[in-house]
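Quick notes on the structure that follows.
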Amino acid sequence: MNERAIPLPAKRMLSPAEAAQYCGGKSIDWLQSHVKVKPRKIGSLVRYDVRALDKWLDSLDQSTPMTGDDWLGLLDEGEGDGH
């Protein structure tokens, strides 16, 4: 058979170690104390949404501050996760 495998999309949900690496190769302790993104519980797993991490990282650029709607969107993303 000569079937081609369809490539998987990039990961959207990252483990704490992957999220720390994504945020500049930091430690999990740094991630948990500095990153203002709530992780999601998926079953027994803890995962960080890449989109939420991107929004937070983008907000660090002082030339483009987050709007109130951006902050409300981040709060809405954290609803219902038990935190």
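The values are calculated or read from the model by the stated rules, or taken from the named source; none is laboratory data. Fair warning: this is a prediction, and the values are worked out from it, not measured in the lab. Neighbour counts are summed over all protein chains in view; Cβ atoms, including those assigned to glycine, are modelled from backbone coordinates with ideal geometry.
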Contact list please: Cβ distance under 8 Å, first residue in the stretch 42-58 and within 16 Å of residue 18 (Cα to Cα), second residue surrounded by 14 or more Cβ atoms within 10 Å (Cβ to Cβ) and of a type in the set (S, T, N, Q), pairs at least six apart or on different chains. 45/15; 46/15; 47/15; 48/15
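Yes or no, residue by residue, for (1) among the charged types (D, E, K, R); (2) modelled with pLDDT of 90 or more; (3) surrounded by 11 or more Cβ atoms within 10 Å (Cβ to Cβ):
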| position | (1), (2), (3) |
| --- | --- |
| 2 | no, no, no |
| 17 | no, yes, yes |
| 28 | no, yes, yes |
| 42 | no, yes, no |
| 76 | yes, no, no |
Find the residue count for the stretch 1-38, including only residues that are among the hydrophobic types (A, V, I, L, M, F, W, C) and in a helix (DSSP H, G or I). 6
